[in-house]
Number of protein chains: 2
Amino acid sequence: LKCFKITLLGTDYKHLTGQDYKAGCPPPENVVNQDNGAATDGIDEEDNVDPWNVSTSNAKGVDYDKLIVRFGSSKIETELVDRIEKVTGQKPHRFLRRGIFFSHRDMHQVLDAYEKNKSFYLYTGRGPSSEAMHVGHLIPFIFTKWLQDVFDIPLVIQLTDDEKYLWKDLAIEECHRFAVENAKDIIACGFDVNKTFIFSDFDYMGSSPEFYRNVVKIQKHVTYNQVKGIFGFTDSDCIGKISFPAIQAAPSFSNSFPQIFGGRKDVQCLIPCAIDQDPYFRMTRDVAPRIGYPKPALLHSSFFPALQGAQTKMSASDANSSIFLTDTPKQIKNKINKHAFSGGKDTIEEHRKFGGNPDVDVSFMYLTFFLDDDEQLEKIKQDYSSGALLTGELKKILIETLQPMIAQHQERRKQVTEETVKQFMTPRPLNFKL
Amino acid sequence: LKCFKITLLGTDYKHLTGQDYKAGCPPPENVVNQDNGAATDGIDEEDNVDPWNVSTSNAKGVDYDKLIVRFGSSKIETELVDRIEKVTGQKPHRFLRRGIFFSHRDMHQVLDAYEKNKSFYLYTGRGPSSEAMHVGHLIPFIFTKWLQDVFDIPLVIQLTDDEKYLWKDLAIEECHRFAVENAKDIIACGFDVNKTFIFSDFDYMGSSPEFYRNVVKIQKHVTYNQVKGIFGFTDSDCIGKISFPAIQAAPSFSNSFPQIFGGRKDVQCLIPCAIDQDPYFRMTRDVAPRIGYPKPALLHSSFFPALQGAQTKMSASDANSSIFLTDTPKQIKNKINKHAFSGGKDTIEEHRKFGGNPDVDVSFMYLTFFLDDDEQLEKIKQDYSSGALLTGELKKILIETLQPMIAQHQERRKQVTEETVKQFMTPRPLNFKL
């Protein structure tokens, strides 16, 4: 069993992270930076978090609390989690209980209105840059499905195949094919076909004059200076990139979907997404009042860690950086055993004596995402920290959690026919009461 | 009868323009600049000609020969006009005979292919900034109809209501309504419904995934630096303006219209347009080979003069700057008598003695656009120059030319029903052989 060691130029881990694992905190906060040779503890450099890059020069990884301040969003406090429980009558999703969704904008307002019988709709999305999706890609969809279920509301899912065409060295046809393939994995998350509309930008732009009207309306009210400031575009960037943010913004407004909302422009939108997508929606919220639309509300998630370490997003192009939705039980087992960064000690003796560190242990982090049982998770944490649980044993628990989860996903995906995909992706009325 | 006088700080007209009227030269070339208080004869300043502004600091007006050099297009020589006559077996249109269409790109190539039975299609357009169209707006359409007739080929007409929304202080609904109203005037020019597709960008973008695919393809291959250089955009411009050029470029490629060309991407496009639109198509021609499409060919017209003088385009917002398609016979008469800049002398005595100057006379210029009879036009020129024809008499000829022309247009427009508009504006197959 090969484990990555924390060497970090002699600095010990606790000193580096400055804290122990705390329940309710997003795991990726407490992570060492493996890419960065030198530890930069104490140097207050800004993290780089935008829709295309997530990196940090800080060995602690992305500082989510700082991000909240920098982005001007609000922390999801226990109070908000409790309120969601009260309003929905459902136990909060583990992503809320454990601070994986850690930041929001206007969620209290959404709940205020909901309590007064004013409903809302959900909008999330994905950039289909490849056929291969990994477990990290499921986070927003797992959470969005839960929101759809507990609030009983309609959902639109944007597949930005046009964005991927603009940013990557790919043909339009490839990006579109990836969108359709990704849609199958998304559908396999269990969304209700009567309440969910999934669309490819290439298709929907060409079939909805109302969507295009909103895109142009947004494009009229955002300057190059603004997108330069928000997204860091340069004069050498193509004009497609420069105008794209309006296309990701447009689904935030209900009249982009007249087939669903019958032309109403005042239906509140709630966007669950990873925090790196926030720049798009800061821009959207800035534009909204100027074009007479309500600002979308947001729920932000932290980043899902790569097997090798947690400070950056996983890469779909590196098969060993994550567990893919197409992995066999054997591949899952091998990848976790071989590549999952361990918080354990070098030898069994040391581990038994000093215990492992769950804060940097990717296997433990993955369990915080996928093991729903709070008590079991807490016991694993205690046992691992005390040294009672060895790295190999911890990995075994993760393997036995992921293997059936992925197998079930594959089974559900197999049942997604072309006909089902077509159903989800056809602009049509949805079944709900506002 | 009030006439505007050429005062121009004592400089005499011939000295200023440097030449007499020559048949076959575009009239607006020989024009004094009324906006500019001081004559700038001899100072070699560049004309400003882009899709939104046409102005010149040169009292001679826009120098079209210089524009050809600057834009890198080719002059329409007698040889090309003769060739068009030979290939089509038709007398060249007066706009060709008189150099009103004066510049081209690749027209010889288009004719080479046509002679080998390889056909092409026409693309022209209009920015619908108001309901009111004036006679100048008809120039590209009159010429395009002639091209459609003599070559027997399909035609697409783009109404850039999205552009007008982006550039003007107008609502989307207004721009779209202007597009539909303008379509009626365009249809009244006599286009063959079986060979012509007219579209509003707001509508067609939202009903053709193929059109949007081409727009994004172009947007991927043009940088902000490029559009900044070509169109003079600044960082304070909205991202809609910055990406718009791709939307005007896309109809240059035949696979933007699968309903017409069945997905073929290799059908040659010929664009008749005013020279100020050339920047869009220089960009288009630059992009075309990089995305695997043929470059569109072009035929450029000079500018139609305002009643008050010829160096700039007319303004649709100034009712007295031109003859509108809705003007009554009386309005036509009054406007011409009151506002048409005259090349005549101050008194009848002087006029009889020295003769008038047709080169700056707007009434005479208008006749070069609308009086088809070459001999009659030549006789008018001679008589006016000799002093035999007085300004009032010249204006009377123009009035009697325009009154029936406009009345007939109004009659034809009245017969354009909503049903007819819908027919023209519905994406559908056209009737032609390639």
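Can we say A:Gln259 is away from chain B (no Cβ under 12 Å), part of a helix (DSSP H, G or I) and under 15 Å from A:His137 (Cβ atoms)? Against the criterion (away from chain B (no Cβ under 12 Å), part of a helix (DSSP H, G or I) and under 15 Å from A:His137 (Cβ atoms)), A:Gln259 does not qualify. When B:Phe244 is tested against the conditions (1) within 8 Å of chain A (Cβ to nearest Cβ); (2) closer than 23 Å to A:Gln226 by Cβ, the lone failure is (1). Applying the criterion of being modelled with pLDDT of 95 or more, among the polar types (S, T, N, Q) and closer than 30 Å to B:Val215 by Cα to the residues of the range A:107-162, the residue that is nearest to the chain's Cα centre (by Cα) is A:Thr124.
The numbered conditions (1) free of Cβ contacts under 8 Å to residues at least 40 places away in the same chain; (2) within 10 Å of chain A (Cβ to nearest Cβ); (3) more than 20 Å from B:Asp161 (Cα to Cα) are all true for B:Ile239 except (3).
The residues of the range B:69-96 that are open to solvent by 60 Å² or more (accessible area, probe 1.4 Å) and assigned to a helix (DSSP H, G or I), listed by number, are B:Val69, B:Arg70, B:Thr78, B:Glu79, B:Asp82, B:Glu85, B:Lys86.
Evaluation of B:Ala249 against the conditions (1) under 24 Å from the mean Cα position of the chain (by Cα); (2) in a helix (DSSP H, G or I); (3) facing another protein chain (nearest Cβ under 10 Å) shows that the sole unmet condition is (3). When you go through (1) part of a helix (DSSP H, G or I); (2) closer than 24 Å to B:Asp192 by Cα one by one for B:Val416, which number turns out not to apply? It is condition (1) that B:Val416 fails. The residue that is farthest from A:Leu430 (Cα to Cα), among those in the range A:189-233 that are in a loop (DSSP other than H, G, I, E, B) and either touching a Leu at 6+ places or on another chain (Cβ under 6 Å) or facing another protein chain (nearest Cβ under 10 Å) (or both), is A:Phe233.
In the range B:240-259, how many are crowded, with 24+ Cβ neighbours inside 10 Å and over 22 Å from A:Ile242 (Cα atoms)? Counting residues in the range B:240-259 that are crowded, with 24+ Cβ neighbours inside 10 Å and over 22 Å from A:Ile242 (Cα atoms) gives 5.
The values are calculated or read from the model by the stated rules, or taken from the named source; none is laboratory data. Source: prediction; values computed, not measured. Reconstructed Cβ throughout: ideal geometry from the backbone, glycine too, with neighbour counts over all protein chains shown. Just so you know, the surface numbers come from the protein's heavy atoms only, side chains and all, with ligands and any DNA or RNA stripped out. Shrake-Rupley method; radii C 1.70, N 1.55, O 1.52, S 1.80 Å.
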